[in-house]
Ligand code: ADP
């Protein structure tokens, strides 16, 4: 069967905002048990998720990520604050707000006795999608499950089940798809396939929000990232800006010969700069603040010294560096 590209019919009444999601001072306090007492999971979150991108919600375990997306999906009721979903205020029109979003849960809870096609039809029924507007076959094609459309769900592999969950979240063609830890516990190959699916959906115009604790996943997929910790927003920025904020780089020099220590003139040439030198055998690693000196400057300063450099490479900071520095400050 050939697949026609999905064209989503946005159900929004909103035309004058560029934001898929806005959150203003969102607080969630769980009642908790008599033993634990109340727990404030979100302590006043302000967030804007622009339309059209892939937005990553990052944070350590217990940060409040699931609480936030469950509020969007309507399964957790916020204590206070304002949320709009594709321009619809969650409190004023919860039905429409829910229609504007599809949530892909983390758990692989699929009814084993229904086929993927039956599952999608049932889901569409629950969302009140009229039969002539259902697109189960197209959606199954989109997530690569055409061949399994009539197989019992219990015979599906883990990867297929995950794709079926994505399909389930799309039956009402929401403009926003939220994926909660989409690749938690999956192998590398499957992770790549899921990333590809996420990118394809985004290319077709679906705004994607995902939570993840894999920083490399956020770095690879997301154009914007919000980091939350202890129920508070620590930062929200374009991924490239966030990486630039790490503010340091490492220059790795491979020397012509192994030496016990750097020659004194090389050390003197780099004196007074904001950098650290780590030398072992034939490798010297110079980690420097990018605001004070550049790779070119360092190489130039070393050029007039007896240091015999055979090869050079640089290491860019990754999101993990940024994440750690931001969350450790707390
Ligand atoms: P994350 O998804 O970032 O791991 P969660 O949103 O699941 O974080 O949890 C945030 C905090 O709220 C945690 O301290 C967690 O223990 C607490 N929490 C989550 N759900 C409940 C609940 N139903 N009752 C009480 N506390 C909860």
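Readers should treat all values here as calculations from the given coordinates under stated rules, not as data from a laboratory. Since the model is a prediction, treat every value here as computed from it, not as a measurement. Virtual Cβ from ideal backbone geometry, glycine too; neighbours counted across all protein chains shown.
Against the chain, whose longest principal axis is taken from its Cα atoms, helix 158-169 shows a tilt of about 60°.
Modelled label-to-label distance, residue 92 and residue 188, 7 Å Cα→beta-carbon offset: nm? With each label point 7 Å from Cα toward Cβ, the separation is 5.0 nm.
If I fit a long axis through the Cα atoms of helix 319-328 and take the longest principal axis of the Cα atoms of the chain, what angle between them do I get, 0 to 90°, rounded to 10? Between helix and principal axis, roughly 90 degrees. Rg/Rh for the chain stands at 1.10; both radii use Cα atoms, and Rh follows the Kirkwood definition.
Relative to a virtual label point 7 Å from the Cα of residue 256 in the Cα→beta-carbon direction, which members of segment 300-314 show backbone nitrogen distances below 16 Å? Those under the cut-off are 302-312. Between residue 147 and residue 297, full extension at 0.36 nm per residue minus the direct alpha carbon distance yields a gain of 48.2 nm. Label reach from residue 241 (point 7 Å along Cα→C-beta): in segment 34-54, amide nitrogens under 19 Å belong to 45-54.
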